[in-house]
1. Please list 241, 334 from largest to smallest accessible area, probe radius 1.4 Å, with all protein chains kept in place.
2. With a 1.4 Å probe and all protein chains kept in place, how do 122, 391 rank by accessible area, largest first?
3. Counting heavy atoms of the protein chains only and a 1.4 Å probe, report the per residue accessible area for the range 97-158 as a whole number of Å².
4. Mind ranking 151-158, 358-365 by how tightly packed they are, going by the mean number of other C-beta atoms within 10 angstrom, highest first?
5. From the backbone phi of the range 155-161, what are the Karplus-calculated ³J(HN,Hα) couplings (6.51 cos²θ - 1.76 cosθ + 1.60, θ = phi - 60°) in whole Hz, Gly and Pro given as x?
6. Give the peptides 111-117, 165-171, 421-427 in descending order of average Cβ contacts within 10 Å, highest first.
7. In the range 325-392, which GluC sites (Glu not before Pro) fall in coil by DSSP and have 16 or fewer other Cβ atoms within 10 Å?
8. Taking amide H positions as placed 1.01 Å from N in the peptide plane, with prolines and chain starts having none, which residues 5 or more places from residue 372, or on another chain, fall under 5 Å of its amide H?
Amino acid sequence: MTFKRLEIGIFFRLLGLLALLYGAVYYVNQASYVPVLFAGLLLIALVLELARYVTRSNKELASFILAVKYRDFSQHFNEAHTNPSLKQLHEAFNQINNTFRQLSAEKEAQFTYLQTVLELIDTGIISYDAEGRVEWVNESFKQTLELPYLHNIHALQKRHAVLYDAIMQLAPGSPVVVKLTVEQKAMQLLLSATAFKLHGRSFTLIAFKNVSHALDETETEAWQKLLRVMTHEIMNSVAPIASLADTLRRHVRLEKEKATEPFSYDPDLLDDVEEGIRIIQHRSEGLLNFAQVYRNFSKITTPLLTTIYVQELFNSIQALLTRQLTEQHTELLISVQPPDLLLQADSRLMEQVLINLILNAAHAVQNRPHPQIQLLARMGEKEQVVLEVLDNGTGIPADLLDSIFIPFFTTHSNGSGIGLSLAKQIMHLHKGSIQVQSIEGVGSVFRLEFQATADNKLPKA
């Protein structure tokens, strides 16, 4: 319809031009130059109007294309009060603008939705170009690494050199686990990378997740399975030895009581045999008791969670250990901030964990000037309860820090090596974590962190 109207308009305008030309030729032959001049002016005006009429759709199209070039879809072309020949064209332009506006709104909504999702997940994500310029980073990345901002990936080298080296050597499709310490908190990060191109630029996308808790749970579960088998085999193997040793010892004692002088045997030899059997029996029973104790603890699968006043928990532990620590001339200091701090935990298991940590600390501060142990409780930055056992003891060598939570590993001559591994197991059952920091010659800090809950603190009156 638009083209038909355009053709009709051109036809009538050309018809008018021909009429004017005919009139001009007629008056030239009549030697009447005034009408010729008038006809010539009309011809010029009609030619200009024809050119405008023919090219106005091109101008409208050029204006629309220019707006599209600059992504300006806010234009509105008048459909009601325009030339009938352009009405259909304006309707098409408006429909295209509406479509692009809708697509732009949907794209923006999708981007906002994706950005919101990426901000909420607990996986750190960062994207940077070939020059190292950071294009995007989410809050989880900043919070995990305690970085308020990061403009260039190379700036990470000053803050976390180990992580930076791992990222630089990370190959797409080959995840790696990196051990990192951030603000005195040890963690293990699972790094993965992917590379892509966008608008001719090369980008690298790095994602990491703190898998410390998951790896610890897997490790603890593996140790528990292994130790359950070991304790079972130990008890099955040692129980007959202990029983046989007891029987032999009773037989030897009975024979000694029946014997009369002169002896038909060497008394010293028989005494040595009895003592050897006694030692075998004693050590076998000790090993059985040890295996039984660990087996009983390893059966703990679900803690009995109750609301605990941390101050009362600390007071109870202090009452239990005051006499022993006083005999060792060791000072125990307690601090709970705020005083009404609450904890959702199994009180019996928590007492066991804290007592083990304090006794280990007491061993570490022996023969130290002014031996001191601190038992602290506070709220963490993320509203989680944090319990700490600090000492000014001898510290733990750096090469042993990764081994102290392994079952049966101990640096004490009379230690069993299960205290810290059980503490770790109990903290995992509480969905928490246990961490250690230690400097040789300065002391150690064992930190227990629990999940944040709404009941950690009593409401104010």
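1. On the way: 241 85, 334 50 Å².
Order by accessible area, largest first: 241, 334.
2. Values: 122 100, 391 20 Å².
Descending accessible area places them as 122, 391.
3. On the way: 4060 Å² over 62 residues.
Using a 1.4 Å probe on heavy atoms only, each residue of the range 97-158 averages 66 Å².
4. Working: 151-158: 14.8, 358-365: 21.4.
My ranking of the peptides, most packed first, is 358-365, 151-158.
5. The phi angles translate into 5, 5, 4, 6, 8, 9, 4 Hz.
6. Working: 111-117: 10.1, 165-171: 14.7, 421-427: 23.0.
Taking the mean over residues of other Cβ atoms within 10 Å, the ranking is 421-427, 165-171, 111-117.
7. In loop regions of the range 325-392 (DSSP not H, G, I, E or B), the sparsely surrounded GluC sites (Glu not before Pro) are 381, 383.
8. Counting only residues 5 or more places away or on other chains, the set is 331, 392.
The values are calculated or read from the model by the stated rules, or taken from the named source; none is laboratory data. Not measured: the values here are computed from a predicted model. Cβ atoms come from the backbone with ideal geometry, glycine included; neighbour counts cover every protein chain shown. Remember, those area values only see protein heavy atoms, side chains included, never the ligands or the DNA or RNA. Shrake-Rupley method; radii C 1.70, N 1.55, O 1.52, S 1.80 Å.
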